[in-house]
Every structure is written in C-alpha cells, then in structure tokens.
Amino acid sequence: MTTSPPSDGSVLPPGELRMLIDGRLVEATGGGTFENVNPATEQVLGPVADATAADMDRAVAAARRAFDATAWSTDRALRQRCLRQLHEAIVGEQELLRSELVAEVGCPVMTTYLAQLDAPLAEALLWPAEQIDRFGWERPLPDNHAFGVPSWQRVVKEPVGVVGAIIPWNYPVEILLGKLGQALATGNTLVVKPAPDTPWNATRIGRLIGEQTDIPPGVVNVVTSSDHLLGEQLVTDPRVDLISFTGSTATGRRIMAAAAPTLKRLFLELGGKSADIILEDAPLESKLAYLGFSCLHAGQGCAMLTRTLVHRSRYDEAVELATAAMATVTYGDPTDPGTIQGPLISARQRDRVLGYVESGLREGARLVTGGGRPAHLDRGYYVEPTLFADVDNAMTIAREEIFGPVVVLIPFEDEDDAVRIANDSEYGLSGGVTSASEERALAVARRIRAGTVSVNGGVYYSAGSPFGGYKASGLGRQNGVEGFEQYLETKTIAGGR
Ligand code: NAD
C-alpha cells in the first residue's frame, strides 16, 4: 500500500552548520562544508561543517582539559542541573527537531513519536540525572587484616574520562541522547562524532548545549565530518579513554583493532539478525497481522525481528497471513502521518538491500512479495516491502544483517529446532517468542542467546532497561544501571588503622 510521493521539504529552516568545540560554535578550519541530503527526495537540505583532523584534535584537547582541570568530574549537583537544563532546551525545539529528523533521516514522522525522538527525549537525560541521587558512588567493605595489617576499605566509582561517542544515522537522536545522558551524569566529557548522513540533529543539540545550558566549555564537543575516518582519530588518540560506538559490526571490529594499542575502554552497540519464534500454539493470525512493522523505518533498526520462525505444521498458513500483512505496509512520503516505511538512508544502502534480494533468489529462497524499487516513486532511495518464504537459515539473507524492509520466513520442526535456529547466528541482539502459554514462551526466551527478548509482544524499551548484544552484536549495555556503570571506573581505597 503506498502513500503520496515525498514532499520536497523546502519549508524546513536550514540546520546548524557550526560545530561546538571548547564551548564555541565554530566552522571547520578552512571553512569546508558538506551537504546534508534528504533521502526521500534526494534534494540537498543544506550545508554542515566538514571538520579537519586539526578540528578533531582541538575537540579532544578541550574534552581532556575539561575533564582534568574543571570540577565537572566531581560536581554531581552541577551535572544534574545541566542535564535538566539540556532536557528543557531540547524540549523547547522539539517540533523543529522532529521536522529536521524526518528530513535528514527519512524516518516516517510516526517514528518520531516513538523511539526516534519523543520516547528517548522523555527519559534519556532525566533518568541518569535522577540516578545521580540513587547511585552508590562509594561503598564500604569489611575491615581487612591481610598480611597482618588492619585496614579499612572502600570502593569508589569514578568517571572514566574522555569519551569518544560515535553515532550512526538510523536513530541518531535516540543514540546521541542515550550516550550524552549516561556519560555526562557519571562525570565524563565527550567528543561526539555524528554520522555524515545525519549531522544536523547533533549540531542543533551542540548549539543548545552552548547557548542554553551551564555545561562548561569543552565538556561536550560535536565534530561533523564527511570522512568516516575522522572517527578513527578518536579511537587512536591516547587522550580519549573510552569509545562509545553504535554502528555496524564491521566497523565495530575495526574499532576494536584500532583501539588495542591504547587499550581503550570499549562500549560497542552493533548489528543484529534477531529471530522471532512463533510456537505452534500461538495465535497466528493476530501475531502476523503486525508483521508489516518489520518494515518500520525501512527496516533500519538494529533490534528488528528480521527472521520469522514458524512451526512447519502452520507454515503455509503463516505464508498466507504474512503476505496479507505485507500488503498493508504504507510506504512513501515520510512526512505523511500514515507512512510506516520511508526510504533507505542513501543510494548505497538501497543498492546493498537490492543486492541481498538478488542473493536470496540466487540461493533458492521464494520471493513472495516486493523485492524491487517501487515504480511510482521516481525520487528517493526506496525499496518495496519484501517477503521471502522457504528460507533456510544457512542462506545469506538469513545470516547477514540486511538493514532494509526485508522479512524472511523460516520453518522449524519443534521447540529445540526453533531455539537452535534462533541461536545459529553470529549475532545476539534481540529476539521474540510467541505462545499461548506465557510459561512456555518464557522458558524458550531464557534459551535465546541475546541481550533482549520480547515474550508475547512485551516491550523492553526504557531508559532503565539495559540494551545491548551478545556475541557479534556488541560489548556492554546502553541504559539502565548497567549502562550507567559502563561510564565508570572502580577504585578500591584501603586505609591503615
Ligand atoms: P557504520 O558502522 O557504517 O557507521 C557508524 C558510525 O561510525 C558513523 O558515525 C561512521 O561515520 C563511523 N565510522 C565509520 N567507520 C569508522 C571507523 N573506521 N572508525 C571510527 N568511526 C567510524 O554504521 P551505520 O551504517 O551508520 O549504521 C547502521 C549499523 O548500526 C547497523 O549495522 C545497525 O545494526 C547498527 N546499529 C546498532 C545499534 C545497537 O544499539 N546495537 C543501534 C543502531 C544501529
């Protein structure tokens, strides 16, 4: 089902061109810029600063100085006040940010009322601000008599230092706020490197930090660049203590290797290929009615349930219901409130998704619906909502993260087989189980090797819920107490009596 062709977005005011470095809004050294493009229309929205290596160097130096030479790392009350100010400042421009996100990310406006903007904005800065009061920054240990020396002991939590925060394009504000909230609440300073495809949300938030908060100069720096490798400068710089990266597993591997010489702390949120297990007693019709939501934001979500596993005895019925569900996916103009699926972020991503469709056909999967570029949309990086049936878990479309509006249906023989297929993946980000019996679904959920699992449609999303991956889906957790601690070092102090 298609919605109207994309509007040109010309009513959008230009985004912030300047970067925040050491408390000042600055252009790139030499004045270089690159273009921000609307993926729904392929039109240029406007320019943004194209930072040089020297700009990145200044940003790292500023973050280091702000950590080492100001009270930021120790003044919890200041941090709490600044996080609340930043929340208020962003809320003040929430509607502008919403339109800007739809234009630069190509995300359906519907998603901005959910995880793309409103849901993280409600909590991502305020939850860590409140956690400052709840957290046990110090805890006493029992007295010690090791080696005959009577001593008291205390465990102290301290910020890690300078954080290099590297952001992808698919949910840029959600991921940026998640990193800012936790890293700032714990007393770190940051250099943020947004994805080149979606820079304006980050430069806007940088401007708000500079103009409307008491966050001291250098505590947050935002460096935009058309060159991915400027991010690598953060990874190799010895003045940076921790890399907080969200992006693809391939880049995560490269970052891990590049971080080895300086033994950086790493927090990696990577890709996924999550399985949704539908047991034979599940209410198949109501469950598959929502299958079209696998195409939300053109499938550009790391935790999407992209492998649908159905018991062999109900497989034919499932293919029929899934086909009907895919026909209800509204795709087209992301500014239309009824649109579920917008464009892919770029021509490169679109072509990558189409390449996966070809590989599915080549390896013997049955293309049930979609698989091409929509004939009626002559602008924008669109792919039709696509469903493959008769998929074997060994096929490329079942193993690799497609990051597009492509769902694969895989049959299984029994519960053990379903768990085996779900876990037969290099990834382990998320999963789902549906059954008429919650107890049975829960037992299966416990066997899935993934960081989050939804049972009978449950939602794990909140600032308090740890989110992250097993296996090649990453290291560490965003959100929750585990996410907070990610940005802290642990020191044990002992005193002689
Ligand atoms: P990407 O890995 O290409 O880029 C992510 C960021 O890393 C960008 O800012 C990019 O400029 C930067 N970058 C690229 N090469 C780099 C290098 N060598 N050193 C340092 N920085 C580098 O990912 P993407 O295509 O922007 O995003 C899509 C991917 O992100 C998908 O695989 C998706 O699953 C994943 N993702 C994961 C999560 C999660 O929480 N697990 C959330 C969102 C997206």
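Here are a few things to note about the model shown:
- Any chance Leu354 is within 16 Å of the ligand (Cβ to nearest atom) and in contact (Cβ under 8 Å) with a residue 24 or more places away in the chain: no
- For region 169-214, filtered to residues that are small (Gly, Ala, Ser), farther than 24 Å from Ala28 by Cα and in contact with a strand residue (DSSP E or B) (Cβ under 8 Å, 6 or more places away or on another chain), the residue that is nearest to the ligand (Cβ to nearest atom) is Gly178.
- Scanning region 242-289 for residues that are open to solvent by 40 Å² or more (accessible area, probe 1.4 Å), away from the ligand (no atom under 13 Å from the Cβ) and not assigned by TED's automatic domain parsing to the domain that holds Arg449 yields Ala260, Pro261, Thr262, Leu263, Arg265.
- Scanning region 390-413 for residues that are closer than 17 Å to Leu279 by Cα and aliphatic (A, V, I, L, M) yields a total of 3.
- Checking each residue in region 409-437 for being surrounded by fewer than 23 Cβ atoms within 10 Å (Cβ to Cβ) and within 16 Å of the ligand (Cβ to nearest atom) picks out only Glu426.
- Among the residues making up region 312-338, those that are in contact (Cβ under 8 Å) with a residue 40 or more places away in the chain, closer than 23 Å to Ser454 by Cα and open to solvent by less than 30 Å² (accessible area, probe 1.4 Å) are Tyr315, Ala318, Val319, Ala322, Met326, Val329.
So that you can scan it fast, the table gives a plain yes or no per residue for (1) touching a residue at least 40 places away in the same chain (Cβ under 8 Å); (2) open to solvent by less than 40 Å² (accessible area, probe 1.4 Å); (3) more than 16 Å from the ligand (Cβ to nearest atom):
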| residue | (1), (2), (3) |
| --- | --- |
| Glu439 | no, no, yes |
| Leu442 | no, no, yes |
| Gly464 | yes, yes, yes |
| Gly469 | yes, yes, no |
| Glu485 | yes, no, yes |
| Glu489 | yes, no, yes |
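- Of all residues in region 183-197, one or more are touching a Leu at 6+ places or on another chain (Cβ under 7 Å), of a type in the set (Lys, Arg) and closer than 30 Å to Gly404 by Cβ.
- Single match in Pro128, Pro120, Pro142 (criterion: surrounded by fewer than 17 Cβ atoms within 10 Å (Cβ to Cβ) and either closer than 25 Å to Thr490 by Cβ or within 16 Å of the ligand (Cβ to nearest atom) (or both)): Pro142
- Every listed requirement among (1) under 25 Å from Ser313 (Cβ atoms); (2) in contact (Cβ under 8 Å) with a residue 60 or more places away in the chain is met by Asp392 save one, (2).
- Of everything in region 339-349 that is under 19 Å from Pro172 (Cα atoms) and not aliphatic (A, V, I, L, M), the residue that is most open to solvent (accessible area, probe 1.4 Å) is Arg348.
- Region 35-63, residues that are assigned to a helix (DSSP H, G or I) and open to solvent by less than 50 Å² (accessible area, probe 1.4 Å): Asp55, Met56, Ala59, Val60, Ala61, Ala62, Ala63
- Taken over region 215-241, the criterion of being more than 11 Å from the ligand (Cβ to nearest atom) and in contact (Cβ under 8 Å) with a residue 40 or more places away in the chain is satisfied by Ile215, Pro216, Pro217, Gly218, Val219, Val220, Asn221, Val222, Asp237, Arg239, Val240, Asp241.
- Cβ-Cβ contacts under 8 Å between residues 6 or more apart (or on different chains), taken from a first residue in region 196-207 that is under 13 Å from Leu96 (Cβ atoms) and open to solvent by 10 Å² or more (accessible area, probe 1.4 Å) to a second residue that is away from the ligand (no atom under 14 Å from the Cβ) and assigned to a loop (DSSP other than H, G, I, E, B), are listed as Arg204/Gly15; Arg204/Glu16; Arg204/Glu93; Arg207/Glu16; Arg207/Arg18.
- When residues in region 24-79 are screened for being more than 30 Å from Ile132 (Cβ to Cβ), of a type in the set (Ser, Thr, Tyr) and out of contact with any Asp or Glu (no Cβ under 7 Å at 6 or more places or on another chain), 1 of them pass.
The values are calculated or read from the model by the stated rules, or taken from the named source; none is laboratory data. Predicted, not measured: the structure shown is a model, and the values here were computed from it. Cβ atoms come from the backbone with ideal geometry, glycine included; neighbour counts cover every protein chain shown. Just the protein is used for accessible areas: all its heavy atoms, side chains included, with ligands, DNA and RNA removed. Shrake-Rupley method; radii C 1.70, N 1.55, O 1.52, S 1.80 Å.
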